[in-house]
């Protein structure tokens, strides 16, 4: 049932968000300590404002009420992925060239698995990170365990 709800919300937001200059980053629907939560993360190259979140929450809430997809109590949360946003694919690395990132590799490179640095270049599926020590680290996405922007 959760997959169906996520799919329908994704379809609805797929039509709504581009018209507002926004993009869908993630959807979560799960039971937590205080009950069910439908959590939607939106993003934009210009950044996300409180007005963006309020607008999407209002539109999505009305859609969910009309469609009656969820037959039990839940909380709806709409927010941005945050300042330490996960990097998921090569397009994210391209988008954030010049930004600081924290990368955790599957296997150690030069004795370390975790690196912080500035995303310098993306060529094909290879990323160049200027690490804090002033050296370049090059890796492909298949070597990455986790990656996120860093502050």
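The values are calculated or read from the model by the stated rules, or taken from the named source; none is laboratory data. Since the structure is predicted, the reported quantities are computational estimates derived from the model, not experimental observations. Here Cβ is always computed from backbone atoms with ideal geometry, including for glycine, and neighbour counts include all displayed protein chains.
Some observations on this one:
The rows are residues; the columns are (1) in a helix (DSSP H, G or I); (2) at pLDDT 95 or above; (3) under 30 Å from residue 15 (Cβ atoms).
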residue: 65; (1), (2), (3): yes, no, yes
residue: 70; (1), (2), (3): no, no, yes
residue: 82; (1), (2), (3): no, no, yes
residue: 92; (1), (2), (3): yes, no, yes
residue: 104; (1), (2), (3): no, yes, no
residue: 107; (1), (2), (3): no, no, no
residue: 133; (1), (2), (3): no, no, no
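- Of all residues in the stretch 65-83 being surrounded by 12 or more Cβ atoms within 10 Å (Cβ to Cβ) and under 17 Å from the mean Cα position of the chain (by Cα), the one that is farthest from residue 17 (Cα to Cα): 82
- Subset tally (residues that are in a strand (DSSP E or B), closer than 18 Å to residue 64 by Cβ and in contact with a strand residue (DSSP E or B) (Cβ under 6 Å, 6 or more places away or on another chain)) for the stretch 10-41: 10
- Flag if residue 42 is farther than 16 Å from residue 19 by Cβ, surrounded by 11 or more Cβ atoms within 10 Å (Cβ to Cβ) and within 15 Å of the chain's Cα centre (by Cα): no
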